[in-house]
């Protein structure tokens, strides 16, 4: 599982959207005749400093290095709460299960990692759920 790509999927699920090139350039203060070339060069040399996602508030973009769904309970539990509004999430010991409230809508997602970190177990289940592409 590619953590960066999975975090991006979760960000989209949580209501963020990808920033357009124009929005990224504006955020970085790049404008003018040669700004697109400067922006492309900046992206190649400093990809960690290029904002990727934005929500309703344009003053708080997300950067790949900042997205922390995979290692922060503060971030991940917001996702679990959103899923729990539609379906049923159970977290216990070393396992996470996500059940469909509408019977038969999808097979239960069950992730068990004996002896592993619980946050990794929940993260994997959340990513599997998001990849189902259910409508909210």
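The values are calculated or read from the model by the stated rules, or taken from the named source; none is laboratory data. Keep in mind the model is a prediction, meaning the values are calculated, not measured. Every residue, glycine among them, receives a Cβ derived from its backbone with ideal geometry; neighbour counts consider all protein chains shown.
Quick grid of which residues meet (1) out of contact with any helix residue (DSSP H, G or I) (no Cβ under 7 Å at 6 or more places or on another chain); (2) loosely packed, with under 13 Cβ neighbours inside 10 Å:
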| residue | (1), (2) |
| --- | --- |
| 3 | yes, no |
| 13 | no, no |
| 27 | yes, no |
| 34 | yes, yes |
| 49 | yes, yes |
| 60 | yes, yes |
| 65 | no, yes |
| 82 | yes, no |
| 88 | yes, yes |
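Is there any pair with a first residue in the range 37-54 that is farther than 24 Å from residue 9 by Cα and in the same structural domain as residue 21 (by TED's automatic domain parsing) and a second that is modelled with pLDDT of 90 or more and part of a helix (DSSP H, G or I) whose Cβ atoms are under 6 Å apart and which are 6 or more apart or on different chains, and what are they?
That search, which allows pairs on different chains as well, returns nothing.
Sort through 119, 67, 91, 130 and tell me the only one that's at pLDDT 90 or above and over 21 Å from residue 8 (Cα atoms).
Result of the check over 119, 67, 91, 130: 91.
Please report, ordered by residue number, the helices (runs of 4 or more DSSP H) entirely within the range 21-136 with at least 2 residues that are touching a strand residue (DSSP E or B) at 6+ places or on another chain (Cβ under 6 Å).
Fully inside the range 21-136 and qualifying: 73-84, 118-131.
If you check every pair at least six apart or on different chains, which have Cβ atoms under 6 Å apart with a residue in the range 12-30 that is over 17 Å from residue 40 (Cα atoms) first and a residue that is in a loop (DSSP other than H, G, I, E, B) and at pLDDT below 90 second?
Partner pairs satisfying both residue conditions: 15/55; 16/55.
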